[in-house]
Amino acid sequence: MRPFVPRFVAVDEFTGPGRAVEYSASYFAYPTAKVQDLVTLGDIAEEGLAKVKSPLLIVQSKADDWVAPEAPELIYQRVSTPPADKQVLWLERSGHLLTLDVERDPIHQAVKDFLAR
């Protein structure tokens, strides 16, 4: 793809209704040469999931346009963390950069509570 399309223009994550535009941190463009690196990194991460035994908080938004909605369930099922020590926090309105978006306060609280356990 690189010889034909050296980069593609990014879509700003915070342009939707209710999004926190003031926190926009998106790139202007993405180099297509790095797409294969991203795929490889995902494969490596997926292969290592069974090695995870630590407590785990998975945070995902239903409005995330970049991460597949089945990803949290895949992670939850494939890690070796006992069920009592892992949880998924689903958000409704935040985009991909959810810690900077409109539901950041509930995320901050969930992380605080998770770390206090």
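Every number in this text was worked out from the coordinates using simple rules, so none of it is lab data. It should be emphasised that the depicted structure is a prediction, and the values quoted were computed from it without experimental measurement. Don't worry about glycine lacking a Cβ; one is built from the backbone with ideal geometry, like all the others, and counts go over all protein chains shown.
Before moving on, here are some points about what is shown:
- With K and R counted +1 and D and E -1, the other residues having a Cβ less than 14 Å from that of Leu41 yield a net charge of -3.
- Cross-link pairs exceeding 19 Å in C-alpha to C-alpha distance, out of Lys34/Lys62; Lys62/Lys112; Lys86/Lys112, comprise Lys34/Lys62; Lys62/Lys112.
- Seen from Val88, the other residues with C-beta closer than 15 Å to its C-beta sum to a net charge of -4, counting Lys and Arg as +1 and Asp and Glu as -1.
- Between amide H atoms placed 1.01 Å from N, distances below 5 Å from Lys86 occur with Leu56, all of them 5 or more places distant or on a separate chain.
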